[in-house]
Each structure stands twice: as structure tokens, then as C-alpha cells.
């Protein structure tokens, strides 16, 4: 297949590169980046979708910041979050779709259960209601359904939907799994989902007019099994179904295949693979978006964190699918960047650097970041973007030293601690008050460490090279440090 460059893709989709906004999936070196919201917090919404309502993008997903861990009986359920954006770059945290902290929702979704996942929202134009479906495992159908008057909620739960597949099976089992919602041109709604009782075949069932339940009109076994994560859409009279091939929950690099049909209830074609690794993740959604006079089919995959039971560090891959002249989906190219309509709305400025949040600070591993005082005075505070994972049993510490060429050159002149209770599992900035005397043009270094024997603490770092400043790492409890060329930690030093 002839490769399509990012610039050509911009022109094909939106007519002019001059009015396009660049969305980044990977940095120039091809490495993952963490997306941050307008407040500098890592976007914490996974395994959901991006929907487009009335000129605004809405990202829906499962939250992991509170410490949910799959199959950990003591882990709480965090709930479902949504973010809004005019350009898919600057994201506003809109909060939770509903209050999941109640005893009822904790009993349905916490670590003692299989969990609750994959929020999808559609709009019912007949009754002007937004409809939310989530995947659960505490009932027979495998789903809970809600309605709301706004894309961001709050959403109110409705009666359990009736799904014809596995309707005679016991509750609280692996009946029906992850899903997608689709509205046809005539307003008819459909649910595409995974049937776990047939070891992962994909099923489509027509929905009632209010989109709150199934009708029993269904096509079974569209795939032969060992598949999941379906996404259903329509293009030029043809129906498409993409899916994870094979199924592999929380895996970093499963394939994406698709099938086509002239009728949404089949028959469906044989499968064709368009990616062997879903650009480093697992397919999550394909959203149809009409922007100006163009229609795009935005593909998304979750870049899972190596099957971690808590996926707060998971990232995202988003890019439009492209199609051949005969309607076939072209093999995916895994674009580092793509472009979309530029927003006319002014948002809070974001960092230009591409940061990645990771977790590795523990009893043995320490990190440092140098900085130079721009004036004589006092280091009043430090804003550090940090996180925790795996239940650390000691706090995170930061010591300050004079430095030369980025290395410690003298004795400690200050020290602060950050309680593990202040941190979430998703990266976010924490402001720490300090009182460290500084001299103009003197270089200093902050050493970040912990004596925890459990879990780890994490920081966000970029690969932007700053010749005068540097980050370093120690793997021997601070006995020696090795400079990490081109690395910069996401820390702001506030000098008064």
C-alpha cells in the first residue's frame, strides 16, 4: 500500500493544513506520551471512546486513579470519567458520569467482582436524551444503562436491559462482555458485544426505540471466537465491524481485524486484519464524526501498561482510518501525529514538551533533576507531577543540594516529604512548600527518593534536551548517579 504522509492526511480530511490542529500519539522518537488535561493531570479515562456531540469531543472511560486493581478483592472501584475538548488536544476534566463511591456501586464493581468497564454514550434524537451503557458482571445481561440530559451527565440508572443472548444463564458470571453502540441512518440503535459463553464470538442485537434494551433481533457468531472489543459503524452504505483479534485483556499489542456486511444483521464477510498490534495496544472504538463537510472514522486503541492490574498509566492511540477505492480499510500505519480541525476556543496553555509518566522510584532507585536559580532568594515551593502504584509503605522525599554540571556538589540545604496519601495512581501535579535559600546563577539538584519496600513512586519526564540542566538516575540507593541524556522531569521550581 502507498503510504499517506501526515500532511497529505491533513489535506485529505480537512482541506487545508493551515486550519488543522496536530494531535500527538507518540513523540518524534516513536515513544508513547501521556496526555494531560488543562489542570496538568494525566487523563484518566480508559477502555471507553471519544464521541462527538454538537462540535465538542467527549472522551469517556474507566478511571483508575483511586487504586482499582482487577482481581484485587480489597481494591475500590473508581468510577467512569469524561473529558471535553474542542480540538482533541486541550482536555477539560468534566468529572464522573455518576457517583460510583456508594456501597451499591462498590459492591457491583470493586475488586471482589470482575469490575465494570467500557462506558459508551449515544444521543437519542427522538427524546433528546443521552444514553450511557457500561459493561458489568453482577447481573444476567452484562450491562447497566443510564440516561442523562447532557453528554457529561449526571446519568441516572434505568432498569436492567434485556439481552437475548445468555438470558437463561446465571447472574454474576462471564455472560456478555465489552460492547459498542451504533445508530443507523434511520435512527435504529444496535448493540455489538462479546459473547463469553461462546468463548468470545461477536454478536449484534437491535435495540428498542429508546436505546435502553434489546429487542431480540440478533445475529450471532459473527466471528468464530477468541475475539472482543467490537466497534460498529457504517460508511457509504456498507457496515463495518472492527474487533480485537485475538482477545487479550490489558495486552499491549493485539491485532485489529474487521468484517463487512450490506445488512447490519448480516450476513457478514470473512475477517481481514489491518494491524498486528493495534499500534501498541488493544482496539477500543471507531467513532463516526461529521466535521464540516467531511466524515472521519476515528480509530482508538488503549496502550495498556503491560497488563498491569491497575491501568492508570495506560496511554492512547487515536487516528482516522483510511479506505481504499473499493471500501476496504487500509492497513493501519500507526501515525505519530495526525491533524484535526483547529479550535477557536482559547484554553489554558499546555506544556509543549511530550511527557511520559512512569513508576520506578523505590528503596533502591532514585532520580534527580537539576535547576539554576535565576535570582537570589528562596525556593518557596516545588510543583512536581507524581503518582504512586502498588501501595508504597513509606513517603516520597526530595532533598536539595548545590550542584555542578548537574551533579551533587556539597551538602543538603533542604528537604521535604510528600505523603503517599496525597497521591493518586494517575499522574498529577502536587505543590510542595519549601524554604530553601538560593544564590543567583548557582545550579542546584533535587534528589527524589523513598525508602518504600512496596510498590513505587512515579514521575513524568520528557525527552527535550536542555544543555545546562539534566536528570540522572541511581539504582544503588544514591551511591552513584548516571546522567540520562536528554531527559527532563516534570518539575517546576518557584523562586521568590
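No lab work stands behind these numbers, since they all come straight from the coordinates. Every value quoted in this text rests on a predicted model; they were computed, and no experiment measured them. Every residue, glycine as well, gets a Cβ built from its backbone with ideal geometry; the counts of neighbours run over all protein chains shown.
Annotations
- Relative contact order (%) - criterion: Cα under 8 Å, at least six apart; region: the chain: 13
- Burial ranking of peptide ranges 25-31, 302-308 (average Cβ count within 10 Å, highest at the top): 302-308, 25-31
- Descending principal axes extents, region 93-157, alpha-carbon based, whole Å: 38, 27, 17
- Pairwise Cα inverse-distance average, inverted: Kirkwood Rh of region 83-200 (Å): 15.5
- Take every pair of alpha-carbon atoms less than 8 Å apart whose residues are at least six positions apart; their mean separation over the length of region 355-495 yields a relative contact order of 42 percent.
- Shape call, region 25-138: gyration tensor on alpha carbons, a/c limit 1.5: oblate
- Virtual spin-label span in nm between residue 496 and residue 129, 7 Å along Cα→Cβ: 5.4
- Sorting the segments 470-477, 55-62 by their residues' average number of neighbouring beta-carbon atoms within 10 angstrom, most packed first, yields 55-62, 470-477.
- Each principal axis of the Cα atoms in region 6-341 has its own extent, and those three values, largest first, are 54, 46, 39 angstrom.
- Whether region 365-413 is rounded, prolate or oblate, judged on the alpha carbon gyration tensor where a/c under 1.5 counts as rounded: prolate
- Shape box of region 182-273 [Cα atoms, principal axes, largest first, Å]: 36, 29, 21
- Per-residue Cβ neighbour rank within 10 angstrom, fewest leading, 99, 87: 99, 87
- Least to most buried among 451, 389, 244 (fewest other Cβ within 10 Å first): 451, 389, 244
- In percent, rounded to a whole number, the relative contact order of region 46-136 is 27, using alpha-carbon pairs under 8 Å and six or more apart.
- Helical runs (DSSP H, four residues minimum) scored at -39500 (n - 2.57) apiece and divided by the length of the chain put the mean residue ellipticity at 222 nm at -1000 deg cm²/dmol.
- Two-decimal ratio, region 355-495, of alpha-carbon radius of gyration to 2.2 N^0.38 Å: 0.97
- A simple packing score, the average count of other Cβ atoms within 10 Å per residue, orders the peptides 222-230, 162-170, 110-118, 320-328 as 222-230, 110-118, 162-170, 320-328, with the highest score first.
- Ordering 219, 445 by the number of other Cβ atoms within 10 Å of each residue's own Cβ, fewest first, gives 219, 445.
- As a ratio to 2.2 N^0.38 Å, the alpha-carbon radius of gyration computed for region 183-235 takes the value 1.15.
- Between region 213-281 and region 70-102, the alpha-carbon center distance in angstrom: 26
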